[in-house]
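Have a look at the structure below, then the notes.
The values are calculated or read from the model by the stated rules, or taken from the named source; none is laboratory data. Predicted model only: the values in this text are computed from it and were never measured. Heads up, the Cβs are rebuilt from the backbone with ideal geometry, glycines too, and the neighbour counts pull from every protein chain shown.
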Amino acid sequence: MAHCNENYLNLQGAYLFAEVRKKQEAYKAAHPDANIISLGIGDVTQPLAPVVIEAMKKAVEEMGHVETFRGYGPEQGYLFLREAIAKHDFQDRGCDISPDEIFVSDGAKCDVGNMQEIFAESDIVAITDPVYPVYVDSNVMAGRSGKYVRGAYERFEYLPCYEECGFKANLPSHDPMIIYLCSPNNPTGSALTKKDLTVWVRYAQQTGSVIFFDAAYEAFITEDDVPHSIYEIEGAKEVAIEFRSYSKTAGFTGVRCGYCVVPKELMLETKKGEKISANQLWDRRQCTKFNGCSYIVQRGAEAIYTEEGQKQIQETLDIYRKNAAVILAGAKEAGLPACGGVNSPYVWLTVPEGMTSWDFFDFLLNEAEIICTPGSGFGPCGEGYVRLTSFNTPELTKEAVERMKKALAAR
Ligand code: MLT
């Protein structure tokens with residue numbers, strides 16, 4: 001009999017969002033007339049921008065004619081999209097990123113989960129706590145975690161993020177080689193300023209570590225001193241890989257498209273002490289394991305970089321920004337401390353005293369038929385909080401907030 005990969009046995013419980021979905025389904029089965037409103041998983045509700053639809057229709061039409069049909073595309077993504085990304089997302093912000101440092105994929109989750117494959121199994125990983133669970137689980141699967149002891153993996157360095165520090169982590173103390181940073185942060189909604197990020201880049205330069213910078217929520221940034229890209233910090237190209245997504249920026253959660261940037265300056269070391277380019281290794285990995293994101297989808301993504309496309313996606317993003325403000329104001333009226341929601345679609349809510357994150361999840365589900373995401377599912381420091389997303393419709397967001405206030409007042 002074949003043997004299983006024992007690393008998988010080291011994973012704790014189910015994937016967080018699968019667990020939440022299971023609870024939601026169980027409630028629905030027991031209460032068939034339930035009118036549940038989800039402020040749980042960060043899944044969007046607003047339709048794709050008209051420019052995206054037009055571009056994808058045109059691409060579909062091209063696929064129907066022998067002269068314009070496309071088969072396998074480049075594993076790195078079509079040049080038309082990589083050029084648009086390099087110009088609009090980076091060069092226009094003063095970041096010197098070229099198309100051959102960009103790898104288009106079917107979403108940031110895959111990239112952020114897979115990137116660790118080009119690093120040594122022995123490399124120590126640092127994660128902030130609370131954290132997006134994909135960073136943790138993908139390293140557990142790869143055998144980098146060590147045993148799970150008293151609520152933590154023994155080989156990970158956890159960087160606790162406390163309320164009194166604005167949910168920002170201090171620098172590590174064990175010189176990890178891989179550091180995951182997410183800004184604006186999922187789940188807390190906090191965002192690193194230029195000064196904060198400079199400290200991290202200098203640390204990585206001094207220690208030789210690599211920052212995995214998850215910028216999936218950069219489109220929600222409203223404050224001027226919060227960088228949209230880590231490459232806005234001088235020297236970051238030597239030490240950072242950046243992950244971007246069209247899921248929340250342009251409503252692509254179901255369409256699937258994202259990209260990562262692996263700069264040519266970023267070098268890894270072999271056992272013999274030789275230097276090897278991370279860009280080259282990732283390219284090799286993608287060519288072997290990935291056949292590119294669909295042409296139709298990439299044409300859709302390209303369209304958001306037009307003037308009209310930018311206008312249209314901002315209109316949709318404004319809907320979510322307003323929802324976040326409604327949730328924040330509602331939490332305040334209900335007497336619950338809350339933060340995030342300013343540079344982020346996520347509001348991080350402190351649960352009422354005496355309750356755990358899951359207690360409050362059950363309370364909101366049973367008393368208000370609202371789904372949230374329990375903070376403890378993001379790590380030990382998430383205990384005592386829940387995350388609410390602003391991705392529902394304005395009507396349902398307002399209704400959810402009213403229901404939450406009513407349920408809390410009746411407690
Ligand atoms: C979230 O809710 O944290 C995200 O939607 C999950 C994801 O992007 O994979």
Worksheet item: Among 351, 347, 386, which is the only one that is within 15 Å of the ligand (Cβ to nearest atom), without any contact (Cβ under 8 Å) to a residue 40 or more places away in the chain and buried (at least 17 other Cβ atoms within 10 Å of the Cβ)?
Response: 386
Fill in: In region 355-378, the residues that are within 13 Å of the ligand (Cβ to nearest atom) and either aliphatic (A, V, I, L, M) or not in a helix (DSSP H, G or I) (or both)
371, 372, 373, 374
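Table: residues versus (1) surrounded by fewer than 24 Cβ atoms within 10 Å (Cβ to Cβ); (2) more than 16 Å from the ligand (Cβ to nearest atom); (3) among the aromatic types (Phe, Trp, Tyr); (4) touching a residue at least 12 places away in the same chain (Cβ under 8 Å).
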{"site": "314", "(1), (2), (3), (4)": "yes, yes, no, no"}
{"site": "318", "(1), (2), (3), (4)": "yes, yes, no, no"}
{"site": "326", "(1), (2), (3), (4)": "yes, yes, no, yes"}
{"site": "332", "(1), (2), (3), (4)": "yes, yes, no, no"}
{"site": "335", "(1), (2), (3), (4)": "yes, yes, no, yes"}
{"site": "390", "(1), (2), (3), (4)": "no, no, no, yes"}
{"site": "395", "(1), (2), (3), (4)": "yes, yes, no, no"}
{"site": "407", "(1), (2), (3), (4)": "yes, yes, no, yes"}
Worksheet entry | Considering residues of region 68-90 that are in contact (Cβ under 8 Å) with a residue 12 or more places away in the chain and in a loop (DSSP other than H, G, I, E, B) only, the residue nearest to the ligand (Cβ to nearest atom) | 77
Worksheet item: Residue check: is residue 226 more than 14 Å from the ligand (Cβ to nearest atom), in contact (Cβ under 8 Å) with a residue 60 or more places away in the chain and within 26 Å of residue 382 (Cβ to Cβ)?
Response: yes
Worksheet item: Within the bounds of region 3-21, is there any residue that is basic (Lys, Arg), within 16 Å of the ligand (Cβ to nearest atom) and either surrounded by 15 or more Cβ atoms within 10 Å (Cβ to Cβ) or assigned to a helix (DSSP H, G or I) (or both)?
Response: yes
Worksheet entry | Boolean, residue 297 is surrounded by 15 or more Cβ atoms within 10 Å (Cβ to Cβ), on the phi < 0 side of the Ramachandran plot and not assigned by TED's automatic domain parsing to the domain that holds residue 81 | no
Practice prompt. Would you mind telling me which numbered condition in (1) touching a residue at least 40 places away in the same chain (Cβ under 8 Å); (2) of a type outside the set (D, E, K, R); (3) surrounded by 20 or more Cβ atoms within 10 Å (Cβ to Cβ); (4) away from the ligand (no atom under 15 Å from the Cβ) residue 139 fails?
Written response: (1)
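Kindly provide the set of residues from region 234-249 that are outside any loop (DSSP other than H, G, I, E, B) and either within 14 Å of the ligand (Cβ to nearest atom) or on the phi > 0 side of the Ramachandran plot (or both), ordered by number. So that I can check it myself, show each step before the final result.
Taking region 234-249 as the starting set, the residues that turn out to be outside any loop (DSSP other than H, G, I, E, B) are 236-238, 240-245, 247-249.
243, 244, 245, 247, 248, 249 - these are the residues of region 234-249 that are outside any loop (DSSP other than H, G, I, E, B) and either within 14 Å of the ligand (Cβ to nearest atom) or on the phi > 0 side of the Ramachandran plot (or both).
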Discussion item. Restricting to region 91-142, name every residue that is of a type in the set (Phe, Trp, Tyr) and in a helix (DSSP H, G or I).
Written reply: 135
Practice prompt. Kindly provide the set of residues from region 54-67 that are acidic (Asp, Glu) and not in a helix (DSSP H, G or I), ordered by number.
Written response: 67
Item to complete: Check region 209-218 and report whether any residue there is in a loop (DSSP other than H, G, I, E, B), away from the ligand (no atom under 16 Å from the Cβ), at pLDDT 95 or above and of a type outside the set (Ser, Thr, Tyr).
Response: no
Worksheet, complete the sentence: Taking region 22-42 and the residues there that are part of a helix (DSSP H, G or I) and free of Cβ contacts under 8 Å to residues at least 40 places away in the same chain, the one that is nearest to the ligand (Cβ to nearest atom) would be 22
Fill in: Residue list for region 255-269, filter: within 12 Å of the ligand (Cβ to nearest atom) and not in a strand (DSSP E or B)
256
Worksheet entry | Residue tally, condition more than 14 Å from residue 246 (Cα to Cα) and either within 16 Å of the ligand (Cβ to nearest atom) or surrounded by 21 or more Cβ atoms within 10 Å (Cβ to Cβ) (or both), over region 93-111 | 4
Worksheet item: hydroxyl-bearing (Ser, Thr, Tyr), touching a strand residue (DSSP E or B) at 6+ places or on another chain (Cβ under 8 Å), modelled with pLDDT of 95 or more and within 16 Å of the ligand (Cβ to nearest atom) - does that describe any residue in region 116-130?
Response: yes
